[in-house]
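Novice: Once you've had a glance at the structure underneath, I'll fire off some questions.
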Amino acid sequence: MEPDVKRPLLDEAIQALRGRWPPFSRDESPIRLATIGSTVVLPWQEKLVYSVRLWAARHARWFERLYRAFEPVIVKLHPLWKSVGYQRAEKPMAKVEEISKGMLFDCQMCGQCILSSTGMSCPMNCPKSMRNGPCGGVMQNGNCEVNPEMRCVWVEAWEGSQKMKEADAIHVVQLPVDHRLQGSSSWLRVARGASEQPVEQQEASQ
Amino acid sequence: MSINDGAGRGQLASDAQSFSSAGRLEHVLRAGHFAVTAELAPPDSANPEDVYARARVFDGYVDSMNATDGSGANCHMSSMAMCALLTREGYETVLQISCRDRNRIAIQGDVLGGAALGIRNMLCLTGDGVQVGDHPEAKPVFDLDSMSLLETVARLRDKHVYTSGRKLSDPPRVFLGAAANPFVPPHDFRPYRLAKKIAAGAQFIQTQYCFDLPRFQTFMARSRDLGLLEKCFILPGVGPLASARTAEWMRRHIPGVHIPDAIIKRLEGAKDQKAEGRNICIELIQQLREIEGVSGVHVMAHRQESYVAGIIEKSGVLRGREPWSPSNSTTRERDYA
């Protein structure tokens, strides 16, 4: 799934494939290169990831169940994370998250996962990074105004959320993203938050 | 000449405590009048006279003017500057804040600055993507979205803190607005999204162009069921279409504009398409007024601004009320806050 090639080289290859010369570096590229997490991928892989992402949102109920079973496990492993050290666990865990969620949801690693509140459709795939619902520019066919080839992330999110048990989670107002958390593990944060909050509260009450 | 816009000094003194702003728009709406707001096209110049000339055509017919913030992602004079200029003359303005060009540091600074300059209304928008405008190579910011922007400004106003938690000594007293587009998918989600915006702090709503009345009625009925109509003032967007061709172009090229075929057919069949466009607009305003929960209209007459006064006059929605303008006021009423 992940091409193990250095990025500039891959960039050149993609540019050559698309008949553009001279190639641009990734940052100044006039076309949006497909990525899984932070890894640049080829066009066919982008299409595959896109279809998988739509499929995941359509099976939001199933993924909700999976996540519900999975979350307590991550939280219960708190002693393990603590003994390894949250800081040391961070990097490998983030990589695992990036690959697994990247393949399933085209996760952008914002570090503050709200997939279960957005019908299992990652809102960071919205070109406007909208985390609270669709903008007013959605096309009549349900596609994105910025990228007309793509289904609106929030059309998918709404349909996905309606299949989920916690269908109301989509109505919660999400606060602005903390950009410092970009690339960090959302799972570890959940584990740490759930396990350490009571301790802090105890300390506060004493 | 009588001014009856529900914003007299006596009323201000008694109600000011419970109002969010000292602006006339909030007073007109809370007094139960049918409000009229209009979109003000920003000039591509640094000449303040251009701004005043554009505002003057609405004199006596609109309660507030929206100064757009790089609408359609095109570069123009800033909304902040236009509002500041117009506020000096005593006009009521709506500052449009879009998330496309500024991050939370810049936006919060602008909210404080705008309020200090006398701007009483702010409309929180996500903004168009840069690709539709004249600078498609620009970096899209989108640090906040319209919802978190609303929440941010409401927090500045009500909790007197920045998003960082740092305290303000004087909060901005502003009437908070948001946009809605009931005419595009996912239709079922749209009333809930309105609910979310109200929860985040929206007090008035201006919608995208309304040409599809049945769709709007469904949206309003659903919003009523959700109990939203008592919590905010809704001003559907209207505007005259210049011709069938313009209408066709708009629905193809402007994201979010939905114009039913019936409207285009009616324009095509008319002898004078421009006049017919205005007639459609007048009829729509009159029909919208009858819908429960509609508190006013927001007129967007791009390049047809000079017809707005006539359209409002013919629609009869002001019922003899004359909104404030420099020519009909005896006092500037600049400093009644």
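Novice: In region B:187-211, what residues are within 11 Å of another protein chain (Cβ to nearest Cβ), more than 21 Å from B:I105 (Cα to Cα) and open to solvent by 10 Å² or more (accessible area, probe 1.4 Å)?
Specialist: B:H187, B:D188, B:R190, B:Y192, B:R193, B:A195, B:K197, B:I198, B:A199, B:Q208, B:Y209
Novice: Within region B:140-170, how many residues turn out to be free of Cβ contacts under 8 Å to residues at least 24 places away in the same chain and part of a loop (DSSP other than H, G, I, E, B)?
Specialist: Counting residues in region B:140-170 that are free of Cβ contacts under 8 Å to residues at least 24 places away in the same chain and part of a loop (DSSP other than H, G, I, E, B) gives 6.
Novice: Taking region B:127-152 as the search range and keeping residues that are hydrophobic (A, V, I, L, M, F, W, C) and more than 9 Å from every other protein chain (Cβ to nearest Cβ), which one is surrounded by the most Cβ atoms within 10 Å (Cβ to Cβ)?
Specialist: By that ranking, first place goes to B:V141.
Novice: Of the residues B:C124, B:C99, which is buried (at least 24 other Cβ atoms within 10 Å of the Cβ), within 20 Å of the chain's Cα centre (by Cα) and closer than 15 Å to B:Q203 by Cα?
Specialist: On inspection, the qualifying residue turns out to be B:C124.
Novice: Keeping to region A:151-164, report how many residues are closer than 16 Å to A:S51 by Cα and open to solvent by less than 20 Å² (accessible area, probe 1.4 Å).
Specialist: 7
Novice: Something else about it: Please enumerate the residues belonging to region A:83-95 that are without any contact (Cβ under 8 Å) to a residue 60 or more places away in the chain, in a helix (DSSP H, G or I) and not polar (S, T, N, Q).
Specialist: Within region A:83-95, A:V84, A:R88, A:K91, A:P92, A:K95 meet the criteria.
Novice: Now a separate question. Could we say that B:D272 is closer than 25 Å to B:A41 by Cβ and either in contact with a helix residue (DSSP H, G or I) (Cβ under 8 Å, 6 or more places away or on another chain) or at pLDDT 95 or above (or both) here?
Specialist: So B:D272 passes the test.
Novice: So, of the residues in region A:165-195 that are assigned to a loop (DSSP other than H, G, I, E, B) and away from chain B (no Cβ under 14 Å), which turns out to be least open to solvent (accessible area, probe 1.4 Å)?
Specialist: Top of the filtered list is A:S185.
Novice: So which residues in region B:223-257 are over 25 Å from B:M65 (Cβ atoms), within 14 Å of chain A (Cβ to nearest Cβ) and not in a helix (DSSP H, G or I)?
Specialist: B:L226, B:G227, B:L228
Novice: Separate question: Among the residues of region A:108-118, write down those that are under 21 Å from B:L194 (Cα atoms), open to solvent by 10 Å² or more (accessible area, probe 1.4 Å) and assigned to a loop (DSSP other than H, G, I, E, B).
Specialist: Across region A:108-118, the qualifying residue is only A:I114.
Novice: Starting from residues that are out of contact with any Ser or Thr (no Cβ under 6 Å at 6 or more places or on another chain), within 14 Å of chain A (Cβ to nearest Cβ) and not hydroxyl-bearing (S, T, Y), keep the ones in region B:49-96 and report whichever is surrounded by the fewest Cβ atoms within 10 Å (Cβ to Cβ).
Specialist: Among residues in region B:49-96 that are out of contact with any Ser or Thr (no Cβ under 6 Å at 6 or more places or on another chain), within 14 Å of chain A (Cβ to nearest Cβ) and not hydroxyl-bearing (S, T, Y), the one surrounded by the fewest Cβ atoms within 10 Å (Cβ to Cβ) is B:G72.
Novice: Looking at B:V238 and the list (1) under 14 Å from the mean Cα position of the chain (by Cα); (2) under 24 Å from B:V174 (Cβ atoms); (3) among the hydrophobic types (A, V, I, L, M, F, W, C), which single condition is not satisfied?
Specialist: It is condition (2) that B:V238 fails.
Okay, residues lined up against (1) among the small types (G, A, S); (2) modelled with pLDDT under 95:
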residue: B:A115; (1), (2): yes, no
residue: B:I119; (1), (2): no, no
residue: B:L125; (1), (2): no, no
residue: B:E137; (1), (2): no, yes
residue: B:F142; (1), (2): no, no
residue: B:G177; (1), (2): yes, no
residue: B:P186; (1), (2): no, no
residue: B:K196; (1), (2): no, no
residue: B:Q203; (1), (2): no, no
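Novice: Quick check, is A:M164 in the same structural domain as A:K47 (by TED's automatic domain parsing) and in contact with a helix residue (DSSP H, G or I) (Cβ under 9 Å, 6 or more places away or on another chain)?
Specialist: So A:M164 passes the test.
Novice: Kindly indicate whether B:I291 is at pLDDT 95 or above, open to solvent by less than 30 Å² (accessible area, probe 1.4 Å), away from chain A (no Cβ under 14 Å) and part of a helix (DSSP H, G or I).
Specialist: Here the answer is no, as B:I291 does not meet what is asked.
Novice: For the subset of region B:232-257 comprising residues that are among the charged types (D, E, K, R) and within 17 Å of B:F183 (Cα to Cα), which member is least open to solvent (accessible area, probe 1.4 Å)?
Specialist: B:E248
Novice: Just name the residue that is farthest from the other protein chains (Cβ to nearest Cβ) out of those in region B:108-126 that are more than 19 Å from A:R131 (Cβ to Cβ) and part of a helix (DSSP H, G or I).
Specialist: The qualifying residue farthest from the other protein chains (Cβ to nearest Cβ) is B:A116.
Novice: Now for a different question. How many of the residues in region B:173-185 are out of contact with any strand residue (DSSP E or B) (no Cβ under 7 Å at 6 or more places or on another chain), open to solvent by 10 Å² or more (accessible area, probe 1.4 Å) and either part of a helix (DSSP H, G or I) or facing chain A (nearest Cβ under 10 Å) (or both)?
Specialist: Of the residues in region B:173-185, 1 are out of contact with any strand residue (DSSP E or B) (no Cβ under 7 Å at 6 or more places or on another chain), open to solvent by 10 Å² or more (accessible area, probe 1.4 Å) and either part of a helix (DSSP H, G or I) or facing chain A (nearest Cβ under 10 Å) (or both).
Novice: Same structure, new question: Quick test of your reading of the structure: A:L54 fulfils all but one of (1) aliphatic (A, V, I, L, M); (2) assigned to a helix (DSSP H, G or I); (3) farther than 22 Å from B:F189 by Cβ. Name the failing condition by number.
Specialist: Failed condition: (3).
Novice: Of the residues in region A:119-146, how many are more than 7 Å from chain B (Cβ to nearest Cβ), in contact (Cβ under 8 Å) with a residue 40 or more places away in the chain and in a loop (DSSP other than H, G, I, E, B)?
Specialist: Total meeting the criteria: 4.
The values are calculated or read from the model by the stated rules, or taken from the named source; none is laboratory data. Note that the coordinates shown come from a computational prediction; the quantities given were computed from them, not determined experimentally. Cβ sites come from the backbone with ideal geometry, for glycine too, and all protein chains shown count toward neighbours. The protein model used for the area step is the full one, side chains on, heavy atoms only, and it has no ligands, DNA or RNA in it. Shrake-Rupley method; radii C 1.70, N 1.55, O 1.52, S 1.80 Å.
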